[in-house]
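Trainee: The structure that follows is given in the form of structure tokens.
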Amino acid sequence: MTHDEPQIDWLNVFIFSVVAYACTFAQARLMFFRDLLGSQIDFLPGLMVYGSLAFPSYVAVLCAAFFGLLVDSFSANPLGTMMGTLVLLSCITLIYREVLLSDQFTTHWVLGLSASGLAPLFSLFILYIAGEQPLVGPGTIWQWAIMTAGGGVVTPLWFRLFNRVGNALHYKEVPESTFRQDREIARGRH
């Protein structure tokens, strides 16, 4: 099995970072989904799935760690809870990167559902290991379902958005034609 790392494209990393920062801030400040559904949709697990498939492994893990710490700075959880969760999700995606069909809508949806469903479970596990006593009750199942479904819906949109941005900002190489421009075509009677 070969490990072919994607090439680093710093413009894509910058755009990804701006979007991830905006999503982190929106999750912390905007209460629309929380008021409407009783739970906040978590955008970052799907973003980390995209980052793990699109960027070299060291960039994906660094982004997961940075944005996990950023989420932790906004939350009441101990520092490192979301960082550990996102790094773990990123590493799992990186391990299976070669076997994932990264250009299929269904794959994006399933990866988003999986990552968004596992993220709260990993966070709970990390909290229990840290000796915390998180509030878990009957409403937790509803919140977990909303977070999982929301992440599953949003993840294919991330792939589509970043693919469109990438296509708009980068030129495509045109394959060379077998037709030479300086060739003369003889016309008329011989």
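The values are calculated or read from the model by the stated rules, or taken from the named source; none is laboratory data. All values reported here derive from a predicted model rather than from experimental measurement. Neighbour counts run over all protein chains shown; Cβ positions are idealised from the backbone, glycine included.
Trainee: Tell me yes or no: at least one residue of segment 55-63 is crowded, with 23+ Cβ neighbours inside 10 Å and within 15 Å of Ala22 (Cβ to Cβ).
Mentor: Step one: list which residues in segment 55-63 are crowded, with 23+ Cβ neighbours inside 10 Å, which gives 55, 60, 63.
Filter again for within 15 Å of Ala22 (Cβ to Cβ), leaving 63.
Within segment 55-63, one or more residues are crowded, with 23+ Cβ neighbours inside 10 Å and within 15 Å of Ala22 (Cβ to Cβ).
Trainee: Look through Leu44, Leu86, Leu37 and report the one residue that is among the hydrophobic types (A, V, I, L, M, F, W, C), modelled with pLDDT under 90 and within 17 Å of Met147 (Cα to Cα).
Mentor: Testing whether each residue is among the hydrophobic types (A, V, I, L, M, F, W, C), modelled with pLDDT under 90 and within 17 Å of Met147 (Cα to Cα) leaves just Leu37.
Trainee: Any residue that is in contact (Cβ under 8 Å) with a residue 12 or more places away in the chain, surrounded by fewer than 14 Cβ atoms within 10 Å (Cβ to Cβ) and in a helix (DSSP H, G or I) - is there at least one of those in segment 83-104?
Mentor: yes
Trainee: Filter segment 124-179 for residues that are acidic (Asp, Glu) and loosely packed, with under 12 Cβ neighbours inside 10 Å; which is nearest to Ala76 (Cα to Cα)?
Mentor: Restricting to residues being acidic (Asp, Glu) and loosely packed, with under 12 Cβ neighbours inside 10 Å, the top hit is Glu173.
Trainee: While we're here: Restrict the check to segment 68-80 and report whether at least one residue is assigned to a helix (DSSP H, G or I), of a type in the set (A, V, I, L, M, F, W, C), modelled with pLDDT of 90 or more and touching a Gly at 6+ places or on another chain (Cβ under 8 Å). Lay out the reasoning, then the answer.
Mentor: The initial filter retains those residues of segment 68-80 that are assigned to a helix (DSSP H, G or I), namely 68-74.
From what's left, of a type in the set (A, V, I, L, M, F, W, C): 69-71, 74.
Still in the running and modelled with pLDDT of 90 or more: 69-71.
Filter again for touching a Gly at 6+ places or on another chain (Cβ under 8 Å), leaving 69.
Yes: segment 68-80 contains one or more residues that are assigned to a helix (DSSP H, G or I), of a type in the set (A, V, I, L, M, F, W, C), modelled with pLDDT of 90 or more and touching a Gly at 6+ places or on another chain (Cβ under 8 Å).
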